[in-house]
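In what follows, a structure is listed as structure tokens, so that the remarks can point back to it.
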Amino acid sequence: MRFFEYEARELVKRAGIPVTDYGFATTAQEAREIAVRIGEPVVIKSQVLTGGRMKAGGVQFADTPDEAAAKAEHVLGLEINGHMPRGVLVDPKARVKQEYYAGVVWDGIRKQPVMLFSDMGGIDIEEVAEAHPDHVGRGHFSNILPLSEHQAKEVIASVGVTGRQLNRLVPILTALARMFVERDMTLAEINPLGELEDGSFVALDAHMDMENEARPRQAAVLDELGVGEEETRQAREATEFELAGEAVDGMDHRGVAGNVTEFDGDLGLVIGAGGGSLTLFDAVRAHGGRPANYCEIGGNPSVRKACGLAKLVLQKPGVDKIAVMMSIVSNTRVDIVARGVIKACLELGYDPAEKISIFRIPGAWEEEGFKILERYGVRYADRSTSLHDAARLAVEGAPA
Amino acid sequence: MSILIDETTTFIVQGITGREAVNLTRECLDYGRGAQVVGGVTPGRKGRDVHGVPVFDTVDQAVAHHGRPIDGSVVTVPPAFTKDAVFEAIENGVKLVVIVTERIPRRDVAEMVELAALRAGASSAPTAWASSFPTSSRWAASAARPGTPPSPTRAGPSGSSRARAA
């Protein structure tokens, strides 16, 4: 889950890292008041969850409060890559001597966080790593052992930073790393981290990404930041169809039947189990099928949720049939999913035998499940039919 | 991934009194010659039993009751408590942990994996990491069904003995 810059900066501030005396405004008048308070030239920055703000004109400079209000007015109405801004950040135009980069990212291969540091800030760290690998310091740290300052010191010193700069930077990178862990981040970066004329350091921009699964336990801080529970903060806004999928999954706490992503095909998918969703989705496409959606079932959802998900997919305009497929299930019960999808067809006035192109879920309680499917004449397959073949059957449709 | 368990593997079920775990325990006991489910753990439920399997408050109590180290644990507790349950298993000498729970925060999983590595010899198979570990269903199936090779066509709680029609 991505944060807006003004939220990320608040998190940086709470971690004890110095920030500028910025303010967040949703109207031109508020922007003017912040500029008055700051009392010096300001930068007006569009608050959108997309890159390329500068290029799109979403970052403007203003010397006076009146100018700040005018520029804010303009930026607030400026759409960037299809996103309307949440507001603007009004920031003092800092006199920066040098820009640094401080970041912590998740290394999925090592399964540990890694601290990153560069004395070449203000540009993407990927670019620096490519062009000047000796200017990027890296250091993994433990998920369970206490993080010590010397670890940050080694990372910073590895790019040749020494003296007073080194000693001032160590607490900043350490604090960022601790915040990363404490807040369940997958990305936390300060770029640029500015060294001012007086030798002090201040965060001038920040990017943060929090792991979705951790949202419940981070509820207090999210609430304080004003992040609504309904905000998905994905790369694009959720569609109505996807939101309806979330609602299905939220009907009760039993299992998963949701995580719906909308596509524009005609084959509805009710799929899942231990990577099965991705495998099946790819297999359907490999056979020339055009999925209407992606979704995930697992963890033994209730009949109600399985039914709700199937109904949602069946009702999607353009969907002719649904394919109900999973890899071999152990705790999700085949009979419960079978009951759910058949119920969905019946409640919508459809013949399950017509609407379900293939049911391929082997595993727990399959005997009971297959009996139900037989009663309604639904074509099904057991584990002797591979996921690949099941996807082919789903794409080809019922045999003549 | 080689076969990690067989019909002699002893294991416990953490969260054994939960809805899913009760079913899982029954399936394990019914399978083949019967799995070696030597105990279950649900804090506060000591003294009960689930299909004849004694329930304890702690893993330590389960190990003491068994009288020697327990090989594995199937963890079925809710996501917020999974990390502690896995830590408890690892710190009590369990060498193989299968986690059925979904939606465990990544940081918690990372801590489990790292602790398992620190206590060399222990390994775990979290659901959330199906891409880097065998899938939970396969592992749960193999753990739950000692004696069944965890092959894609055979592993699964309903086993090959059940009737099938296609």
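Here are the numbers:
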| quantity | calculated |
| --- | --- |
| Dimensionless Rg ratio for the range A:350-400, taking C-alpha atoms and the 2.2 N^0.38 Å reference | 1.10 |
| Cα-based Rg / Dmax (Å) for the range A:159-309 | 21.7, 65 |
| Proxy reagent accessibility, fewest Cβ within 10 Å first, across B:Ile12, A:Ile271 | B:Ile12, A:Ile271 |
| Computed magnitude of the charge dipole of chain A (debye, nearest 20; Cβ of K, R +1, Cβ of D, E -1) | 920 |
| Label-zone membership for the range B:46-71, site B:Glu91, 7 angstrom Cα→C-beta point, backbone N under 14 Å | B:58-61 |
| Which of B:Thr10, B:Thr25 has the fewest Cβ neighbours within 10 Å, and the rest in rising order | B:Thr10, B:Thr25 |
| Per-residue average of Cβ from other chains inside 10 Å of B:12-25 | 1 |
| Simple label model, 7 Å out from Cα along Cβ direction - A:Glu182 to B:Glu114, nm | 1.6 |
| Mean Cβ count within 10 Å, highest first, over the residues of peptides A:355-365, A:375-385, A:185-195, A:36-46 | A:355-365, A:185-195, A:36-46, A:375-385 |
| Positive minus negative residues near A:Ala203 (Lys, Arg vs Asp, Glu; Cβ under 14 Å) | -4 |
| Helix-only mean residue ellipticity at 222 nm for chain A, each DSSP H run of n ≥ 4 adding -39500 (n - 2.57), per residue, nearest 500 | -11000 deg cm²/dmol |
| √(5λ) per eigenvalue of the Cα gyration tensor, chain A, largest first, Å | 50, 25, 17 |
| Segment A:Thr27-A:Leu147, extension gain: residue separation times 0.36 nm, minus the distance between their alpha carbons | 39.0 nm |
| Taking all pairs of distinct alpha-carbon atoms in the range A:85-207, Kirkwood radius in angstrom | 14.8 |
| Shielding score for A:321-327, defined as the mean number of other chain Cβ atoms within 10 Å | 1 |
| Surface/4 estimate of mean projected area, convex hull on alpha-carbon atoms of the range A:260-305, nm² | 3.3 |
| Positive dipole terminus of chain A, leading residue within A:Gly163, A:Leu243, A:Leu176 (C-beta point charges) | A:Leu243 |
| Net +/- balance of residues flanking B:Val38 in space, Cβ distance below 13 Å, scoring K and R +1, D and E -1 | -1 |
| Cα-projected label distance for A:Val221 with A:Glu368, points at 7 Å along beta-carbon direction, nm | 4.3 |
| Restraint check, A:Lys97/A:Lys153; A:Lys55/A:Lys111; A:Lys71/A:Lys153, Cα-Cα greater than 30 Å | A:Lys55/A:Lys111; A:Lys71/A:Lys153 |
| Peptide B:107-118, shielding by other chains (average Cβ, 10 Å cutoff) | 5 |
| Radius 14 Å from Cβ of A:Lys355, net charge of other residues (Lys, Arg +1; Asp, Glu -1) | 0 |
| Counting all C-alpha pairs of the range A:20-84, share separated by more than 18 Å (%) | 29 |
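Bear in mind that the values in this text are calculations on the coordinates, not laboratory data. Values in this document were obtained by computation on a predicted structure and should not be read as measured data. Cβ: placed from backbone, ideal geometry, glycine included. Neighbour counts: every protein chain shown.
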